[in-house]
Amino acid sequence: MERLEELKTEAAQELEAISNLKELEPWQVRYLGRKSALTQLLRGLAALPLEERKAVGAAANQVKAALEAGWKRKEAALKEIELAGLLGAKPTDVTLPGRPVSLGRLHPTTQTLRQICGIFAGMGFQVVEGPEVEWDYYNFEALNIPQGHPARDMWATFWIDVETEGGERPMLLRTHTSPMQIRIMEKTRPPVRVVVPGKVYRYEATDVTHEAMFYQIEGLAVDKTITMADLKGVLLEFARHLFGQERRVRFRCDYFPFVEPGMEMAIDCLMCQGAGCRLCGHTGWIEILGAGMVHPEVLRRVDYDPEIYTGFAFGMGIERIPMLRYGIDDIRLFYSNDLRFLRQF
């Protein structure tokens, strides 16, 4: 009990002498912290007889409450003194206008994504989204890429093994947005016109042109009498809306397992206008997307009769578009959160 009185008196005297907030924090640690003498005394109560334990415990709690109340009063008083000093040192002109509020901006990837979706929405396409964690069936099997197919090497995959009632089933982080083609056609009868934006994942080293996670947008249209001419017309209209009405496009054969025939689309170089430069590899053309007519086997899997219905599909990487439009030479800048880069958009 004598020690408690000594602590109370000693702490009160030191608290009275404190003149700024910096000195207050060490005082609080010394007298109210977990390793303070008061805390140690409270922990030692178990060694006392029951009656003494009750009396000393009650007194110790009173001392602790008094010290905490004194600490809070001192803190409030010091803050008032500090505020008064700040106001006295530099008077505030209350007639001045307030500071402008900084407004956030959309990420350049989001801006591009919304613009692309808006272009296709204007041509009658719906915008839908799908799961980023996908079954092997939707990501590969239903898209005409069975187990052991060499085309699987085109997609370096993050695999996830999942236990289900029927045993272990392979899941993965989707490698493209194409699985939504199957999911949509399973639930929808033609006509179908959708675009599917979203994140995709590839197990590969990052460099100026590759990232382990990036954005894609997939397009799908299925109906009676759809032809390659419809696909070319839609993509030409898209390119001119996005890159300018003077844009020229080029289509060349390419291979994708879920379309037949497949093709790539390139636009004339934005930098050299098709004359040839370092950006386009001196070819005058820059590839921006892959496309093709939906493979008949893919249509059969979703119970669409390929003798009646035809369709086209296309897909592109979103980051590639602003890289071309603004001359960005490193895809990693989009995910580095460097405000010097982001503020430019």
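Brief remarks on what is shown
- Members of segment 95-111 that are among the basic types (K, R) and touching a residue at least 60 places away in the same chain (Cβ under 8 Å): R105
- Scanning segment 155-173 for residues that are surrounded by fewer than 12 Cβ atoms within 10 Å (Cβ to Cβ) and modelled with pLDDT of 85 or more yields one hit, W159.
- Within the option set E319, E260, E287, being acidic (D, E), surrounded by 15 or more Cβ atoms within 10 Å (Cβ to Cβ) and in contact (Cβ under 8 Å) with a residue 40 or more places away in the chain holds for one residue only, E319.
Residue-by-condition table, conditions (1) under 24 Å from the mean Cα position of the chain (by Cα); (2) among the hydroxyl-bearing types (S, T, Y); (3) surrounded by 14 or more Cβ atoms within 10 Å (Cβ to Cβ):
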position	(1), (2), (3)
A89	no, no, no
V94	no, no, no
E141	no, no, yes
P197	yes, no, yes
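- Every listed requirement among (1) surrounded by fewer than 19 Cβ atoms within 10 Å (Cβ to Cβ); (2) in a strand (DSSP E or B) is met by E204 save one, (2).
- Any hit, segment 162-169, residues being among the small types (G, A, S) and in the same structural domain as F256 (by TED's automatic domain parsing): no
- In segment 228-248, the qualifying residues are those that are crowded, with 17+ Cβ neighbours inside 10 Å and at pLDDT below 90, and the one that is nearest to Y326 (Cα to Cα) is F243.
- Among the residues of segment 174-188, some residue qualifies, meaning at least one is within 18 Å of A313 (Cα to Cα), touching a residue at least 60 places away in the same chain (Cβ under 8 Å) and loosely packed, with under 14 Cβ neighbours inside 10 Å.
- Members of segment 94-140 that are more than 30 Å from R325 (Cα to Cα) and touching a helix residue (DSSP H, G or I) at 6+ places or on another chain (Cβ under 7 Å): E134, Y138, N139, F140
- Of the residues making up segment 37-65, those that are closer than 15 Å to T9 by Cα and small (G, A, S) are A37, A59, A60, A65.
- Scanning segment 79-124 for residues that are at pLDDT 90 or above and polar (S, T, N, Q) gives T109, T110, Q111, T112, Q115.
- Looking only at segment 290-310, and only at residues there that are of a type outside the set (A, V, I, L, M) and touching a strand residue (DSSP E or B) at 6+ places or on another chain (Cβ under 6 Å), the one that is surrounded by the most Cβ atoms within 10 Å (Cβ to Cβ): G292
- Failed criterion for R152 (all others in (1) within 30 Å of K224 (Cβ to Cβ); (2) surrounded by 15 or more Cβ atoms within 10 Å (Cβ to Cβ) hold): (1)
- Residue check for N139: touching a His at 6+ places or on another chain (Cβ under 6 Å), touching a residue at least 24 places away in the same chain (Cβ under 8 Å), closer than 16 Å to Q181 by Cα and not assigned by TED's automatic domain parsing to the domain that holds Y255: no
- Single match in L231, L220, L235 (criterion: in contact (Cβ under 8 Å) with a residue 60 or more places away in the chain and assigned to a strand (DSSP E or B)): L220
The values are calculated or read from the model by the stated rules, or taken from the named source; none is laboratory data. Everything numeric in this text was worked out from a predicted model, so none of it was measured. Cβ coordinates were reconstructed from backbone atoms using ideal geometry, including for glycine residues, and neighbour counts include every protein chain displayed.
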